[in-house]
Amino acid sequence: MSKFRNLKLFSLVCILAFALVFIGFHFLQAQGKPDKDKPPGKPKPPPPALSLDYGDIVTTESNALRVWNYNEAPYDPIWSTESPGYRSVAVGDVDGDGMKEIVVPEIQEVKGRGRNAASYLKIFLNIYKEGESGIWKSTEDYEEGYIFEDELYSHTEVMIADVDSVQGNEVILLTYHNLVVFRYVGENFIIVNSIDYKKFDPTEDERSHFCAVTAGEVPGSGETSENRIIVSFCNSHSDTGSVYILNEDLSLCEPIPVEIEGETQVFLGRHSLRVADLDGDSYSSPEICSTGYYGRSKDNGVGWKAYVIVWDWNDGGEWVQKQRLLPGWDGEPENSFPYVYLDTGDLNSNGDEEIVVSANLPGYSGDYQLILYDYIAGFTPGPMISPVPARIYDVEVGDTSGDESNEIVVAGRARGGANLVFYLEVFGSNLEPLWRRVGENRKEGTVIDTAIVK
């Protein structure tokens, strides 16, 4: 009886095993067959050909690169493409054909191999061209030396300007530790020159870094003016901030030191260095603008002071510093950090330029303020508004409406319910709101940087 019972049990197990194999085989076959009721997936179509007009706004976002036009109500983008999260953008003619290109640095994290190997970032340029779909050129495709390695916490800034004696524009790339100048020659970009942070800090303290870059006319030999690259730099070894006007070969001139109320340990703002004609006396006597801040520990927190700073070239051939404390940032402990950006432009159509500053308000309200400074009217805060709760990452001045007068563009992320969503707004010359775009959900990413087609 026992043998018979065991035989029956063995037979049952065999039957179940065979059934499972049979069902599994047919299931895998079915998985490999297309569903007759479901159409096959189609590849994503390429983005449309890029078209840029005067006054268009280009935004880099955490998940897209888009172009907006002031006259295209209801203010939806007129061109867009997916992106890996570009952090900075510039627009201009880089190849001399009279058409505009969009230049964006791409940052990719490279994981270190091995137990103690450090991860790092590799940085290169992608260029989008009018009339082309997708990326037109990428320096990632070039030989070794065109991809730059930087710290994991690197930031980037890119601009297009004519900064040497060769006709045509150059592309200037700034990272945490590198400054690189590219020029388009033939059918490719070449590196004209480069310099790293070690030239500015001989101790090679890796915490020392570039803060911001700009280019513009500064006094040259005699009564001439010359286009030069200007950088702000934080030296962590000496705990000082400085501004450098570089020669054409990127060699260093004497730094312009930064000192506020006897304080030299001043941090200079990112994306906030400009050359401007604030007093209307032409660029033979220009002004350099930046934001700056420093903090001191106190019993109940850290007290931050934040400033807008101007260096004015005087008749004696010296840079004279002036600064103004930003409203609210008087050094009282708030344990919140100042995020301050600026741009310059002629908002009154009177020949001199004004300074536009965006700054978060102290504390954790999430509000920001937009402030105008008229340098020749006493360099005091002018019109000031706090539009919506938002964290601002960029402010730009330019003619977005095509009426030959400048507007102000601010961008970042706003609070939409419980989420932080896309935020882009345009203001008139007196800070009157013109149009606003706030994302409906988190799918629209944060605006990180903007550029206006000029």
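Compute the accessible area per residue over the chain, keeping the other protein chains in place, probe 1.4 Å, unit Å².
Working: 22410 Å² over 454 residues.
Value returned for the chain: 49 Å² of accessible area per residue.
Which order do ASP279, ASP343 take by accessible area at a 1.4 Å probe, largest first?
Working: ASP279 45, ASP343 10 Å².
Correct descending sequence by accessible area is ASP279, ASP343.
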> In percent, how large is the relative contact order of the chain, given Cα pairs closer than 8 Å and 6 or more residues apart?
Replying inline: 11 percent
> What pairs from LYS122/LYS454; LYS122/LYS198; LYS129/LYS454; LYS100/LYS198; LYS111/LYS198 go past 27 Å between their alpha carbons?
Replying inline: LYS122/LYS454; LYS100/LYS198
> In the set (i) 33, 28, 24; (ii) 49, 27, 26; (iii) 45, 36, 20, which value of semi-axes √(5λ) of the Cα gyration tensor in Å was calculated from the structure you see?
Replying inline: (ii)
> the range 177-232: which trypsin sites (Lys or Arg not before Pro) are DSSP loop and have at most 16 other beta-carbon atoms within 10 angstrom?
Replying inline: ARG207
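Which loop-located chymotrypsin sites (Phe, Trp or Tyr not before Pro) does the range 330-439 contain, where loop means any DSSP state but H, G, I, E or B and the Cβ has at most 11 other Cβ atoms within 10 Å? Walk me through the numbers on the way to the answer.
On the way: sites: TYR339, TYR341, TYR364, TYR368, TYR373, TYR375, PHE379, TYR393, PHE422, TYR423, PHE427, TRP435; in loops: TYR339, TYR364, PHE379.
Sparse-neighbourhood loop chymotrypsin sites (Phe, Trp or Tyr not before Pro): TYR364.
Checking the a/c ratio against 1.5 first, then a/b against b/c, what shape does the Cα gyration tensor give for the range 296-454?
Working: a/c = 2.26, a/b = 1.08, b/c = 2.09.
It is oblate, given that a/c is not under 1.5 and a/b is not larger than b/c.
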>> So, taking all protein chains as they sit and a 1.4 Å probe, how much accessible area belongs to VAL438, in Å² rounded to tens?
In response: 60 Å²
>> Run lengths n ≥ 4 of DSSP H only: what is the helix-derived mean residue ellipticity at 222 nm for the chain, with -39500 (n - 2.57) per run over all residues, to the nearest 500?
In response: -2500 deg cm²/dmol
> Do you know the relative contact order of the range 215-340, to the nearest whole percent, from alpha carbon pairs under 8 angstrom that are 6+ apart?
Replying inline: 17 percent
> In the neighborhood of LEU342, defined by Cβ-to-Cβ distances under 13 Å, what is the net charge if each Lys or Arg adds +1 and each Asp or Glu adds -1?
Replying inline: -3
> What figure in square angstrom, to the nearest 10, would you give for the accessible area of LEU152 with a 1.4 Å probe?
Replying inline: 80 Å²
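For the range 176-252, which whole-number percentage of the solvent-accessible area (1.4 Å probe, protein heavy atoms only) is attributable to carbon and sulfur atoms? All intermediate terms of the calculation are to be shown ahead of the outcome.
Working: 1320 of 3290 Å².
The computed percentage sits at 40.
Could you give the length gained by full extension between SER236 and SER51, i.e. 0.36 nm per residue of separation minus their alpha carbon distance, to one decimal place? If you can, show how the numbers build up before the last one.
On the way: separation 185, 0.36 × 185 = 66.60 nm, distance 4.36 nm.
Taking 0.36 nm per residue and subtracting the Cα distance, the gain is 62.2 nm.
Which GluC sites (Glu not before Pro) in the range 141-228 pass both tests, a DSSP loop state and at most 16 other beta-carbon atoms within 10 Å?
Working: sites: GLU143, GLU144, GLU149, GLU151, GLU157, GLU170, GLU187, GLU204, GLU206, GLU217, GLU223, GLU226; in loops: GLU143, GLU144, GLU151, GLU187, GLU204, GLU206, GLU223.
Those satisfying the criteria are GLU143, GLU144, GLU151, GLU187, GLU204, GLU206, GLU223.
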> When only Cα pairs under 8 Å and 6 or more residues apart are kept, what is the percent relative contact order across the range 48-189?
Replying inline: 19 percent
>> Can you give me the angle between helix 2-32 and the longest principal axis of the chain, using Cα atoms only, in degrees from 0 to 90, rounded to the nearest 10?
In response: 40 degrees
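The values are calculated or read from the model by the stated rules, or taken from the named source; none is laboratory data. From a predicted model like this one, the values you see are computed outputs, not experimental measurements. We place every Cβ from the backbone using ideal geometry, glycine too, and count neighbours over all the protein chains shown. The protein model used for the area step is the full one, side chains on, heavy atoms only, and it has no ligands, DNA or RNA in it. Shrake-Rupley method; radii C 1.70, N 1.55, O 1.52, S 1.80 Å.
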